[in-house]
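These notes are about the structure you will find just below.
The values are calculated or read from the model by the stated rules, or taken from the named source; none is laboratory data. Note that the structure is predicted; figures quoted are calculated from it, not measured. Cβ placement follows ideal geometry from the backbone for every residue including glycine, while neighbour counts extend to all protein chains displayed. Note: areas computed on protein heavy atoms with side chains; ligands, DNA, RNA excluded. Shrake-Rupley method; radii C 1.70, N 1.55, O 1.52, S 1.80 Å.
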Amino acid sequence: MSNIIRLIIACVVMGAAVALCAFGFWGWGILVLFLGGIVLLTYFFNENMLVAQWFLRKEKSEKAEEWLLKITDYEKQLNKSQHGYYNLLIGLIESRKQPLKSEKYFKKALSLGMKMSHNTALAKLSLAGIAMAKRNKREAQMYLSEATKDDKNKLLAEQIKMMKTQMAQMDKQQVVRGGYRQF
């Protein structure tokens, strides 16, 4: 459902609540006002994205993908501030199936912007992991340092530390011609 339609429905339901209260039906007016508030909240927070986030926390990425696929045109169905989060969620799901193909979603999420700094740090940390998989150490270090700056609440400190140790091991293991490792 389009965001404009949600806003129109919320206004109509809120108007009905005011009319019910004006005619003396306070109980019904408060109930309808509560329902109108829920409809208004779906304008700011899309229910499909909320359910998909819940399934991602439960580590059920198949169900999360089902809920995100219900959003057919995210530019019309989501508020502009949610476009980055939508691409972040798609990137997280895609990274579990095909990690190298999820890079475009993380970059698009960063270009669209996200309000919470730990989500930006998560996208940059994921891009650092992809750069490490491509054996591009300079890009991985850049994304890792940016992720460290963006993680102000230290929610991803353990993952960043683990990524740094993996990067240090990447220096030790250089593959030379013939497929032999040089230690």
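Computed quantities for the displayed model
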{"item": "Selection count where residues are closer than 17 Å to residue 147 by Cβ and not acidic (Asp, Glu), scope the stretch 88-107", "result": "9"}
{"item": "2 or more residues open to solvent by 50 Å² or more (accessible area, probe 1.4 Å) and closer than 20 Å to residue 90 by Cα: qualifying helices (runs of 4 or more DSSP H) within the stretch 1-71", "result": "47-57, 61-69"}
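For every residue, the table says whether it meets (1) acidic (Asp, Glu); (2) in contact with a Phe, Trp or Tyr (Cβ under 7 Å, 6 or more places away or on another chain).
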residue	(1), (2)
29	no, no
39	no, no
46	no, no
49	no, yes
62	yes, no
69	no, no
81	no, no
92	no, no
